[in-house]
Amino acid sequence: DCPVFDGLYEFCQLSAGGSVAAAVKLNKQASEICINWGGGLHHAKKSEASGFCYVNDIVLGILELLKYHQRVLYIDIDVHHGDGVEEAFYTTDRVMTVSFHKYGEYFPGTGDLRDIGAGKGKYYAVNIPLRDGMDDESYEKIFVPIISKVMETFQPSAVVLQCGADSLTGDRLGCFNLTVRGHGKCVEFVKKYNLPFMMVGGGGYTIRNVSRAWTYETSVALGVEIANELPYNDYFEYFGPDFKLHISPSNMANQNTPEYLDKIKTRLFENLRMLPHAPGVQVQAIPEDAINEESDGEDKIDKDERLPQKDLDKRIVPENEFSDSEDEGEGGRRDNRTYKGRKRPRLEKGIDGKDATNDEKIKEEMKSEKDDKEDSKPNTIDDMKKDTGPTP
């Protein structure tokens, strides 16, 4: 399900790089909300691609956020379980993963209510297994109380929301019955907490509805009202016959009964009560940002002006540091062990305060060097012959 195609590596760079760059922006407080609709590839694992996902940009983005934030909350509203992200943080208490998904003979087959994490991460994996036909009303009834309780207990300092659009009605792979407005209410609710907020894309296999959902959710993030009538564009005919932003639910039956949803909520609340309140993190040095924006300005530096001290510091090389390359000088490899410093004449203080050289020592050193040179010269005719080879 993960075929190779032309431009695959560049696609992975853009998808993963977008989420990492978004995390850096949030860390630097350069933005309150960052969106990467090209990301959200939540099935990819560290050593394998899975479910149309090649590189797990969400995990990379969360790892970047963890450099500055003690606790990060991940919420997944894709119709499929976010198994790659859950697996990555299954044993840590610094990331809580909350996934609302279809469960039961459905890809990827994980995300049972009893999957709660392990080790230090026990109870920090929250799974909400749902059935076919999930509508807006039922979704809101389970989403709002669970996320409210999670926020109250875990107290994250940043949130990542995966907005997979395959949970919409009419999706070619999904089997939920959500509208664009119902899907967008999740974004609206999480935004109210005013935390650093990253939104990423994900699944969605009826393309016109994916476009509708992510357009509407971008407007929700910006706090801007947009018209229901779509403006004319190159793809206008794809949105017929009504050419509207919002879609109507189908008449499929909702198999998620109120009793079933209440049972899930009760069980999850019991698990959340087992958590220590807002786990702390040991103070440690903040690693470098994944994207160093300062390095971009090196080409623009005026060569005639004195460099700032921080740039000069980068160029300092310790005196005892040598290249290990084979082609440096004669005699093969040079390194610190083969390096012999040049002898310098020792200076001693004179009686009058001026530096006076120890003449005798210098003379001895010069004499020994002269003797070494004379010893190396050929003295006899036989030696000359040996050195120069046979006479013609």
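The values are calculated or read from the model by the stated rules, or taken from the named source; none is laboratory data. The structure presented is a predicted model; accordingly, all values stated were derived computationally and were not measured. Reconstructed Cβ throughout: ideal geometry from the backbone, glycine too, with neighbour counts over all protein chains shown. What goes into the accessible areas is simple: the full protein's heavy atoms, side chains included, and nothing from ligands, DNA or RNA. Shrake-Rupley method; radii C 1.70, N 1.55, O 1.52, S 1.80 Å.
In square angstrom, what is the accessible area per residue of the stretch 8-273 with a 1.4 angstrom probe? Could you put the intermediate results ahead of the total?
Numbers: 11780 Å² over 266 residues.
So the stretch 8-273 comes to 44 Å² accessible per residue, rounded to a whole number.
With a 10 Å radius around each residue's Cβ, average the other Cβ atoms per peptide and rank 214-222, 95-103, 9-17, 270-278, highest first. Let's see the in-between values first.
On the way: 214-222: 18.1, 95-103: 24.9, 9-17: 15.8, 270-278: 12.6.
So the order, starting with the most tightly packed, is 95-103, 214-222, 9-17, 270-278.
What order do you get for 205-211, 65-71 when each peptide is scored by the mean count of other beta carbon atoms within 10 Å, highest first?
65-71, 205-211
What Kirkwood Rh does the stretch 8-273 have if only Cα atoms enter the pairwise 1/r average? Answer in Å.
18.5
In the stretch 59-112, which GluC sites (Glu not before Pro) are in a loop and have at most 15 other Cβ atoms within 10 Å, using DSSP for the loop call? Don't skip to the end; give the middle numbers.
On the way: sites: E64, E86, E87, E105; in loops: E105.
Filter output for the stretch 59-112: E105.
In whole Å, how far is the Cα centre of the stretch 81-145 from that of the stretch 210-287?
15
Using a 1.4 Å probe on the protein chains only, how many percent of the accessible area of the stretch 8-273 belongs to carbon and sulfur?
Values: 6120 of 11780 Å².
Ligands and nucleic acids excluded, carbon and sulfur give 52 percent.
May I ask for the Kirkwood hydrodynamic radius of the stretch 123-213, worked out over all distinct Cα pairs and given in angstroms to one decimal?
Kirkwood radius, the stretch 123-213: 13.9 Å.
What Kirkwood radius, in Å to one decimal, follows from the Cα pairs of the stretch 148-297? Mind showing how you got there, number by number?
Numbers: mean 1/r = 0.0535 Å⁻¹.
Computed over the stretch 148-297, the radius equals 18.7 Å.
Per-residue accessible area for L73 at 1.4 Å probe radius, Å² rounded to 10?
0
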